Amino acid sequence: MLPEQEQSLYIEFDELFSLRERLRVLADQLRSQLVAAGLRERLDVEIYDSELELRGVEGSNLLIRLDSFRLEIAGVRPDVALHNLAALVLAQAEVFRLTSVEVGFTAWLKAGPGRPLNLVAQAFDPAWGLRDEEQLDRRFAMTWDWASPTTGYSFHASVLEDQELMLSFKAREGYMTLLELQSGRWMQEQRLRFQQAADLFLTLLGWNP
């Protein structure tokens, strides 16, 4: 049901002093380490004043951006172990205490037989009825936010012209060690939450599995 997906990760940490002096060496280390770990994407490197950026090429959306306070990873395919990718970058950068972690999962789904997307009509159709052709702006977006004792969650659904559905999920944790991130347990829990929320939303839409 969720064929086209991407993962993202945003991490803040205590300041990395002297990162600027290590960026070129770090970029070379990261590229070789990621290849050795089995990453298929070829990466282009950009080094700015105090920031390292690795971008996928040849149709890849992969982006890895590191500076003295944060790591951002976006456009990751669903078959890539995001926690391992992040842990590799953080270990090479010598980061061990994470002050904030946010993981995101996004899926895009097309309407079709057994997959209706008339959310605008459901939400805004007046009591006297309105023909489809009169509903010129068929955008729909809604966000649900909730929290557990330690983690905040956000689930977002949006539709454009009753043709494509985007479902996205974010989970935010206030503190984590590198070892906790590397274990993958927290990431797996959030992936399961996304899958459950997406399945429920699609069931409410009347989509056939």
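Quick check on the stretch 39-49. Is at least one of its residues in a loop (DSSP other than H, G, I, E, B) and crowded, with 16+ Cβ neighbours inside 10 Å?
yes
Which residue is least open to solvent (accessible area, probe 1.4 Å), if the candidates are limited to the stretch 58-78 and must be modelled with pLDDT under 90 and under 19 Å from the mean Cα position of the chain (by Cα)?
As a first pass, look at the stretch 58-78 and keep what is modelled with pLDDT under 90: 58-60.
Still in the list and also under 19 Å from the mean Cα position of the chain (by Cα): 59-60.
Values: G59: 79, S60: 29 Å².
Restricting to residues being modelled with pLDDT under 90 and under 19 Å from the mean Cα position of the chain (by Cα), the top hit is S60.
Can you name every residue in the stretch 41-57 that is under 19 Å from the mean Cα position of the chain (by Cα), farther than 18 Å from V95 by Cβ and of a type in the set (D, E, K, R)?
Hits for the stretch 41-57 are E41, R55.
Considering only the stretch 125-145, I want to know if a residue exists there that is under 14 Å from the mean Cα position of the chain (by Cα), modelled with pLDDT of 95 or more and either open to solvent by less than 90 Å² (accessible area, probe 1.4 Å) or more than 23 Å from E102 (Cβ to Cβ) (or both).
No: the stretch 125-145 contains no residue that is under 14 Å from the mean Cα position of the chain (by Cα), modelled with pLDDT of 95 or more and either open to solvent by less than 90 Å² (accessible area, probe 1.4 Å) or more than 23 Å from E102 (Cβ to Cβ) (or both).
Among the hydroxyl-bearing types (S, T, Y) and farther than 18 Å from R97 by Cβ: does that describe S183?
Values: among the hydroxyl-bearing types (S, T, Y): yes; farther than 18 Å from R97 by Cβ: no.
In short, no.
Considering only the stretch 41-84, state which residues are farther than 19 Å from Y175 by Cα and either in contact with a Pro (Cβ under 6 Å, 6 or more places away or on another chain) or touching a residue at least 60 places away in the same chain (Cβ under 8 Å) (or both).
Matches in the stretch 41-84: A74, G75, V76, R77, P78, V80, A81.
When you check V95 against the structure, is it under 21 Å from A197 (Cβ atoms), of a type outside the set (S, T, N, Q) and either touching a helix residue (DSSP H, G or I) at 6+ places or on another chain (Cβ under 9 Å) or open to solvent by 40 Å² or more (accessible area, probe 1.4 Å) (or both), yes or no?
Criteria not met by V95.
Could you tell me whether the stretch 107-123 includes any residue that is at pLDDT below 95, part of a strand (DSSP E or B) and polar (S, T, N, Q)?
No, because not a single residue in the stretch 107-123 is at pLDDT below 95, part of a strand (DSSP E or B) and polar (S, T, N, Q).
So which strands (runs of 3 or more DSSP E) stay within the stretch 135-209 end to end and still have 1 or more residues that are over 29 Å from A91 (Cβ atoms) and touching a residue at least 60 places away in the same chain (Cβ under 8 Å)?
164-173
The values are calculated or read from the model by the stated rules, or taken from the named source; none is laboratory data. On a predicted model such as this, the values are computed, not experimentally measured, just so you know. Cβ: placed from backbone, ideal geometry, glycine included. Neighbour counts: every protein chain shown. All accessible areas refer to the heavy atoms of the entire protein, side chains included, with ligands and DNA or RNA removed. Shrake-Rupley method; radii C 1.70, N 1.55, O 1.52, S 1.80 Å.
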